[in-house]
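Everything on this sheet refers to the single structure shown next.
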Amino acid sequence: MSVNGHYLIDKEEHRLRPVVGGTAHFDYDGERVTKRRGGYITISSAGGPSGFYTTDIYDTLQYHSANRITITTRERIKDVDIFSTDFKREITLENGLVARKITYDESTPHQYSDTIYYHYDSQKKLKKTVQYYRWNIITKEYLFDSMGNLQKIEGTARYRDDNSISYTTEEQFGGYDDKTNPLKGLGMWQDLFYRTLSTNNFTTYTFKRGSNIEGLSWVLQYDAEGNVDFSI
């Protein structure tokens, strides 16, 4: 299975940006994903730094139990020092849903550990995430329609020391089709997370932070059976 990189959105804040990204290729053991292949090496050129995509960069998943997963970024490129430090995440599940994600960064003091907590409603729809990230606490509220499709995310970042507001964000989703979402179960990755939350598949996205506005749209492709094909 693969997902073309132009469908992916990454709005999580972390000190270290993951090098695994872009078009994602997945390996499975039965129904469990074991590896995501594809990422970027930063290279310098006359025009400034740019990314070189390669499937020799990948994430491996280790299932310690039914409720704990570790994702570790690795590479198999000789004579190239890609990582300044390991990019490791630990995911805790409760009742089959992601309850907590820790993003490890050995260079960051313990009191600024990077942890996201996930809260759900009675229908198992994501209601809120709270991220303790360096000097901020980032809270996001997730609003769904009656069809189970994500419509809006309202975000507020507050400083840890005095609880004052650092910034706010608003994200909107629309243009949903009426086809089953094939990306359920891949929400462990931050650039796939939004795509996994809804019943169907969105085609428009808007992000606002202060006066900055970003808009994206897609034309989805479908196979002969009418199922969306994110590999194209």
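Which residue pairs have Cβ atoms under 9 Å apart, sit 6 or more places apart or on different chains, and have a first residue in segment 10-31 that is free of Cβ contacts under 8 Å to residues at least 24 places away in the same chain and a second that is open to solvent by less than 40 Å² (accessible area, probe 1.4 Å) and β-branched (Val, Ile, Thr)?
From residues that are free of Cβ contacts under 8 Å to residues at least 24 places away in the same chain, the pairs are Asp27/Val33.
What's the number of the only condition in (1) within 19 Å of the chain's Cα centre (by Cα); (2) modelled with pLDDT under 95; (3) farther than 30 Å from Thr92 by Cβ that Thr203 fails to meet?
All conditions pass for Thr203, except number (2).
Report yes if some residue within segment 84-100 is surrounded by 13 or more Cβ atoms within 10 Å (Cβ to Cβ), at pLDDT 90 or above, of a type in the set (Ser, Thr, Tyr) and more than 15 Å from the chain's Cα centre (by Cα); otherwise report no.
Checked against the condition, which is being surrounded by 13 or more Cβ atoms within 10 Å (Cβ to Cβ), at pLDDT 90 or above, of a type in the set (Ser, Thr, Tyr) and more than 15 Å from the chain's Cα centre (by Cα), segment 84-100 yields at least one hit.
What residue, among those in segment 201-219 that are part of a loop (DSSP other than H, G, I, E, B) and open to solvent by less than 20 Å² (accessible area, probe 1.4 Å), is farthest from Lys152 (Cα to Cα)?
Going through segment 201-219, the residues part of a loop (DSSP other than H, G, I, E, B) turn out to be 201-203, 210-211, 218-219.
Cutting the leftovers down to open to solvent by less than 20 Å² (accessible area, probe 1.4 Å) gives us 201-202.
Numbers: Asn201: 14, Phe202: 12 Å.
By that ranking, first place goes to Asn201.
Among the residues of segment 155-174, which ones are surrounded by fewer than 14 Cβ atoms within 10 Å (Cβ to Cβ) and of a type outside the set (Phe, Trp, Tyr)? Reasoning before the result, please.
Of all residues in segment 155-174, those surrounded by fewer than 14 Cβ atoms within 10 Å (Cβ to Cβ) come to 159, 161-168, 170.
Passing the criteria: Asp161, Asp162, Asn163, Ser164, Ile165, Ser166, Thr168, Glu170.
Take Tyr104 and tell me if it is open to solvent by 70 Å² or more (accessible area, probe 1.4 Å), modelled with pLDDT under 95 and touching a strand residue (DSSP E or B) at 6+ places or on another chain (Cβ under 6 Å). Full working, then the answer.
Details: open to solvent by 70 Å² or more (accessible area, probe 1.4 Å): yes; modelled with pLDDT under 95: yes; touching a strand residue (DSSP E or B) at 6+ places or on another chain (Cβ under 6 Å): yes.
It is true that Tyr104 is open to solvent by 70 Å² or more (accessible area, probe 1.4 Å), modelled with pLDDT under 95 and touching a strand residue (DSSP E or B) at 6+ places or on another chain (Cβ under 6 Å).
Just one of the numbered conditions (1) in contact (Cβ under 8 Å) with a residue 12 or more places away in the chain; (2) within 21 Å of Asp10 (Cβ to Cβ) is not true of Thr199; which one?
(2)
Could you tell me which of the residues Ile165, Ile138, Ile153, Ile213 is touching a residue at least 60 places away in the same chain (Cβ under 8 Å) and β-branched (Val, Ile, Thr)?
Ile138
Restricting to segment 1-20, name every residue that is within 19 Å of Lys35 (Cβ to Cβ), touching a strand residue (DSSP E or B) at 6+ places or on another chain (Cβ under 6 Å) and either open to solvent by less than 30 Å² (accessible area, probe 1.4 Å) or of a type outside the set (Val, Ile, Thr) (or both).
Here is the first cut: in segment 1-20, the ones within 19 Å of Lys35 (Cβ to Cβ) are 1-5, 8, 18-20.
Keeping just the survivors that are touching a strand residue (DSSP E or B) at 6+ places or on another chain (Cβ under 6 Å) gives 1-5, 19-20.
Passing the criteria: Met1, Ser2, Val3, Asn4, Gly5, Val20.
If you go through segment 175-196, how many residues are surrounded by fewer than 16 Cβ atoms within 10 Å (Cβ to Cβ) and either closer than 22 Å to Pro18 by Cα or modelled with pLDDT under 95 (or both)? Reasoning before the result, please.
If we filter segment 175-196 for residues that are surrounded by fewer than 16 Cβ atoms within 10 Å (Cβ to Cβ), which is where we start, we get 175, 177-180, 184-185.
Add one more test, that the residue is either closer than 22 Å to Pro18 by Cα or modelled with pLDDT under 95 (or both), and what stays is 184-185.
Looking only at that region, the number is 2.
The values are calculated or read from the model by the stated rules, or taken from the named source; none is laboratory data. Note that this is a predicted model, so its numbers are computed, not measured. Using ideal geometry, Cβ is built from the backbone for each residue, glycine included, and neighbour counts are taken over all protein chains shown. Side chains included, ligands, DNA and RNA excluded: accessible areas come from the protein's heavy atoms. Shrake-Rupley method; radii C 1.70, N 1.55, O 1.52, S 1.80 Å.
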